[in-house]
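Please read the structure below before turning to the comments.
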Amino acid sequence: MNMKIKTGLLAICCLLILFSGCEKTKKSDIDVKTLDKIQPPAKPPVLPKPSGGLALSIDSTAITADEIIEPIREPLAEAAKQTDYEQFRTKAKPMLINILLQKIGDIRLYAKAKDALPENIDQAIIDKIVEQEVQRFISQYGGDYATVEKMLKSMHTNWQDFYQQTRRGILIQSFVSEEVKVEKPVTHSELIEYYDKIKGEFYTKEAQIEFRLIDLEVNKFKDPNDPNADVNKKAMKLAMEISERIRKGEDFGELAKKYSNDHAAQNGGLWKPIRPGSLAAPYDVIEKTVVDMNSGDVAGPIAAENHIFIIRLENKQIQSCEPFEKVQAEVEGRLMFEKRKKLVDDMMSKIIAQVDLSYADDFIEYCMQKAYRELQGN
């Protein structure tokens, strides 16, 4: 996880909504009918306490300087390198404002999510759902609480905050899943058009070849006791002997370990799959040779610029594209995802557009100064 849990959970939850929303019968994670029967909570929820220095209050929720700085500490550190404060300020201010807008948007969206809940909601029901989500998250780390706790600490958070943000995410997910609906079904022509747009990225398999190689470097056959010896003949003689041993059934990989001079010798001469056209001379001769070979075929000896190659083709894949009929359901899922993502983005844009930051100038200035001092090591 690259983003801080404290600021990134909204985006993760929205993505989960969008993926799960591809199912036409997807229900909200909170059963509203069940919640309707529950009595209201005895105590109001506890608001987060300000921490990390000067805080900005948004709808009774505190946003701290650290919350604004941490998600972009890395790019801020880059901006702080070899620049004076005014230069840093010019680069940092737009980034900090963007994070602040996202935080405010998150707070406002959470407020809408809470307002949309039934009046007689029981927090115990939500607590149970939160616990299930937290356990599912922990299970992704093999159920190892210590590992998860260490990860949370590295993100400057704790179990209490993690539970709180999971609760926020669930309520937001429930709200957004009800608000964001693609009413108009996609047409077949839309799917074809979208498939043509994305097939190169998602459904095209690049051509590649996988092979084993015995590479005899001619220069390694030089003998200081016999400087007049023809090293090309010596290398080719050994290559012919090796080829004959392979033809008689000896293991290519073992012979590569014993005789090959290239980087893959200890791996039995097995190269990682390569894309045709990616090998430079003299190894480009390998690509030209395997064009007419089938898997399992052996070719060589082949002389090329002070090298003698013996090649065994392991696998050859020509460029191909998955037909639309085979991936139609997935294409529809991707298209619905994009449509829902746009609706979520539009919703967030409308919320953020209503934010007036004129009262937050002092807070932004404080964040810039705090970040600059910390990143300059003062």
Conditions (1) touching a Pro at 6+ places or on another chain (Cβ under 8 Å); (2) not assigned by TED's automatic domain parsing to the domain that holds Leu238; (3) not basic (Lys, Arg); number of the one not met by Glu338: (1)
Just one of Glu86, Glu78, Glu119 is part of a loop (DSSP other than H, G, I, E, B) and surrounded by fewer than 16 Cβ atoms within 10 Å (Cβ to Cβ); which is it? Glu119
Does Lys258 satisfy the condition of being part of a helix (DSSP H, G or I) and surrounded by 15 or more Cβ atoms within 10 Å (Cβ to Cβ)? no
Residue check: is Asp36 acidic (Asp, Glu) and modelled with pLDDT of 80 or more? no
For the range 351-378, what are the residues that are at pLDDT below 80 and part of a helix (DSSP H, G or I)? Ile351, Ile352, Ala353, Ser358, Tyr359
Regarding Asn294, is this residue among the polar types (S, T, N, Q) and part of a strand (DSSP E or B)? no
Those residues of the range 297-331 which are part of a loop (DSSP other than H, G, I, E, B) and farther than 23 Å from Thr204 by Cβ, in sequence order: Asp297, Glu305, Asn306
Cβ contacts < 8 Å: first residue assigned by TED's automatic domain parsing to the domain that holds Asn261, restricted to the range 230-245; second residue at pLDDT 90 or above and part of a helix (DSSP H, G or I), any location; separation 6+ or different chain. Result? Leu238/Tyr259; Ile242/Leu255; Ile242/Tyr259; Arg245/Leu255
Any residue that is closer than 22 Å to Ala55 by Cα and either touching a Pro at 6+ places or on another chain (Cβ under 7 Å) or exposed (fewer than 13 other Cβ atoms within 10 Å of the Cβ) (or both) - is there at least one of those in the range 96-104? yes
Ala92: in contact (Cβ under 8 Å) with a residue 12 or more places away in the chain, of a type in the set (Gly, Ala, Ser), part of a helix (DSSP H, G or I) and surrounded by fewer than 18 Cβ atoms within 10 Å (Cβ to Cβ), yes or no? no
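The values are calculated or read from the model by the stated rules, or taken from the named source; none is laboratory data. On a predicted model such as this, the values are computed, not experimentally measured, just so you know. Using ideal geometry, Cβ is built from the backbone for each residue, glycine included, and neighbour counts are taken over all protein chains shown.
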